[in-house]
1. If you scan the stretch 106-131, which residues turn out to be in a strand (DSSP E or B), charged (D, E, K, R) and open to solvent by 50 Å² or more (accessible area, probe 1.4 Å)?
2. With the checklist (1) out of contact with any helix residue (DSSP H, G or I) (no Cβ under 6 Å at 6 or more places or on another chain); (2) not in a helix (DSSP H, G or I) in hand, flag the one item Ala170 doesn't pass.
3. Exactly one of (1) farther than 20 Å from Glu172 by Cα; (2) touching a residue at least 24 places away in the same chain (Cβ under 8 Å); (3) surrounded by fewer than 22 Cβ atoms within 10 Å (Cβ to Cβ); (4) out of contact with any Ser or Thr (no Cβ under 9 Å at 6 or more places or on another chain) is unmet by Thr29. Its number?
4. Of the conditions (1) out of contact with any strand residue (DSSP E or B) (no Cβ under 7 Å at 6 or more places or on another chain); (2) exposed (fewer than 14 other Cβ atoms within 10 Å of the Cβ), Pro148 fails just one. Which one is it?
5. Considering each residue of the stretch 132-145, count those that are more than 18 Å from Val41 (Cβ to Cβ) and either at pLDDT 95 or above or surrounded by 15 or more Cβ atoms within 10 Å (Cβ to Cβ) (or both), and give that number.
Amino acid sequence: MASPHDRFPLLFAPQRWEWAGVDCRFSTTPPEDGLVTNVHVVGFDGDRVVLCRDDRDVWFLPGGTREPDESVAACAARELREEAGAVLRGPLHVIGAHHAVSDLPAPYRSHQPHPEKAWLWCFAEVGIEGEPDNPDDGETVLEVRAHPLAEALRLLLTDGSWYPELVTLAAEQRAAGTAPPW
């Protein structure tokens, strides 16, 4: 079988995220906890993937910025509740991370590491239990839905070309039981 680098070229390609002022690269090697600034979750509700749609008509995976002294698990749980009205039903499993280097003069938030940081990507079993909280300082989520995998992959193209590869990798790791818990 081909390596993940060969099977998921868009995911593993070097990327420039202008909105964050970073150059980054995906790796299946988990980052040090202290480098994790953002946590995102591929939430599986049975055989479906939980996605959120915002006011730009973009479908995305729930997740966001870690608060001061917040654990990765607490961040994931908070972001799932805020953006998807969902709760964790099992442990977080690490898919990998985008290891990033910022060229901005200061961190996004003063408690974050700088210039190196990491966006952690996890998967977990989740359940949608209510409406998203939609806090004032977050995205405006208009819709949350659990989609069959093929439909989720198609919808995630609205957020970026590499997202379907990330979710496919998560689904494969979940099926094989090979992703370590965080």
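1. Filtering the stretch 106-131 for residues in a strand (DSSP E or B) gives 116-128.
Filter once more, keeping what is charged (D, E, K, R): 116-117, 125.
Across the stretch 106-131, the qualifying residues are Glu116, Glu125.
2. The single condition Ala170 does not satisfy is (2).
3. Of everything listed in (1) farther than 20 Å from Glu172 by Cα; (2) touching a residue at least 24 places away in the same chain (Cβ under 8 Å); (3) surrounded by fewer than 22 Cβ atoms within 10 Å (Cβ to Cβ); (4) out of contact with any Ser or Thr (no Cβ under 9 Å at 6 or more places or on another chain), Thr29 misses just condition (1).
4. Tallying (1) out of contact with any strand residue (DSSP E or B) (no Cβ under 7 Å at 6 or more places or on another chain); (2) exposed (fewer than 14 other Cβ atoms within 10 Å of the Cβ), Pro148 fails exactly one: (1).
5. First, pick out the residues of the stretch 132-145 that are more than 18 Å from Val41 (Cβ to Cβ): 136-137, 140, 142.
Subset that is either at pLDDT 95 or above or surrounded by 15 or more Cβ atoms within 10 Å (Cβ to Cβ) (or both): 142.
Of the residues in that region, 1 qualify.
The values are calculated or read from the model by the stated rules, or taken from the named source; none is laboratory data. Nothing here was measured: the structure is a model prediction, and the numbers come from that model. Note: ideal-geometry Cβ built from the backbone for every residue, glycine included; neighbour counts use all protein chains shown. When the accessible area is computed, the model is the full protein with side chains, heavy atoms only, and any ligands, DNA or RNA have been set aside. Shrake-Rupley method; radii C 1.70, N 1.55, O 1.52, S 1.80 Å.
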